[in-house]
Amino acid sequence: MSKMVKVSAPATIANLGPGFDVFGLALSHPFDVVEAEKSEGGVEILEVQGVGAQGISKDSGKNSAGIAASEALRLIGAAGGVKLKIQKGVKPGGGIGSSSASAVAGAGAVNELFGGKLSAEQLIEAAARAEEKIAGTIHYDNVTPALVGGFTIVTSTKPLQFFRLDPPPMKVVVAQPALELPTALGRKVLPQEVMLKDAVANVAKASTMVAALNAGDLKLFGKCMVDSIAELARAPLIPGFFDVKWAALEAGALGAAMAGSGPSVFAILEPDGDAEAVAGAMKEAFERAGLGCETIITPPGKGFQVLRRG
Ligand code: HSE
């Protein structure tokens, strides 16, 4: 059995419009890399480097990779422990599953080191527990695609069940404004009750998106990326949100929506679409609202990967 393993887990987009807490999409990049080495016992974090590393705790009880790793050790009933080195590629607080990427990498690395006994559902639970401790809320729509890749549907949470689909080729543009928006705040502003017409609209859009994926109809998929519930409540937290969305659509995106609880906004395009034009338009719209903005252009991705064993 290996003594060390190097793994990666990517950024993800949750909700994708109407699939609040249900839909998720794995991106190809950016991603976090975790190197794990077997130790006598417990979880120790040797280093955290990369984007936003200065704000991330090296205390294994307060670090999403550390918490998920210790949860995975517990589920396996492993005699030993692990020492972790974390390389952050996914910017924390940007709304594209930064803590989920670390959590999935941490749990997945432990599983690889100790015989790969855990099921995907157990790994997702381990990673989601870490998210819960760090962000204060439990939701599975970032950790699921970060582990299994592609487009995922969280079917139920008790017991955890998910469904995975291979998305058709597409380009995803993410506009990340220079704004930190904790998930806890994004959830605090949500309505506790929703109008029946809004629930109906979301079911109609979400179910059509899944049918469109199966039919390989990216235009229909993008057109249905419209949320009538969470986005409206959260939009006031993100200056320029609607302008950024409209800018993406005007520049040729097939659909655009808030990435998870924000503050990032994402758009999808055909694989040969002009992603640079969409990224530029989104960036300019955020800048008009007074926010600096970084953009990412990426295809969907495969989720958790083992990069090296030693
Ligand atoms: N589904 C979660 C939410 C994702 O919208 O709060 C958080 O990234």
### Query
So Ser156 clears everything in (1) over 15 Å from Gly97 (Cβ atoms); (2) more than 14 Å from the ligand (Cβ to nearest atom); (3) surrounded by fewer than 22 Cβ atoms within 10 Å (Cβ to Cβ); (4) within 16 Å of the chain's Cα centre (by Cα) except one condition, right? Which one?
(4)
### Message
Given the criterion acidic (Asp, Glu), touching a residue at least 24 places away in the same chain (Cβ under 8 Å) and part of a helix (DSSP H, G or I), identify the matching residue among Asp227, Asp198.
### Response
Asp198
### Message
Quick test for you: out of Glu121, Glu125, Glu132, pick the one residue that is at pLDDT below 95, closer than 21 Å to Phe23 by Cβ, outside any loop (DSSP other than H, G, I, E, B) and assigned by TED's automatic domain parsing to the domain that holds Gly17.
### Response
Glu132
### Task
Check segment 275-291 and report whether any residue there is over 28 Å from Arg187 (Cβ atoms), at pLDDT below 95 and either touching a Gly at 6+ places or on another chain (Cβ under 9 Å) or not basic (Lys, Arg) (or both).
no
### Summary
If we keep only residues of segment 62-87 that are among the aliphatic types (A, V, I, L, M) and at pLDDT below 95, then the residue farthest from Tyr140 (Cα to Cα) is Ala79
### Summary
Checked against (1) part of a strand (DSSP E or B); (2) within 14 Å of the ligand (Cβ to nearest atom); (3) not assigned by TED's automatic domain parsing to the domain that holds Lys38, Ala175 satisfies every condition except (2)
### Selection within segment 135-152 - within 15 Å of the ligand (Cβ to nearest atom) and either assigned to a loop (DSSP other than H, G, I, E, B) or surrounded by fewer than 19 Cβ atoms within 10 Å (Cβ to Cβ) (or both)
Gly136, Thr137, Ile138, His139, Tyr140, Asp141, Asn142
### Summary
(1) under 30 Å from Gly19 (Cα atoms); (2) more than 16 Å from the ligand (Cβ to nearest atom); (3) surrounded by fewer than 24 Cβ atoms within 10 Å (Cβ to Cβ) all hold for Ala109 apart from (3)
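The values are calculated or read from the model by the stated rules, or taken from the named source; none is laboratory data. The structure displayed is predicted, hence computed values, not measured ones. Positions of Cβ are generated from backbone atoms using ideal geometry, with glycine treated the same way; all protein chains shown enter the neighbour counts.
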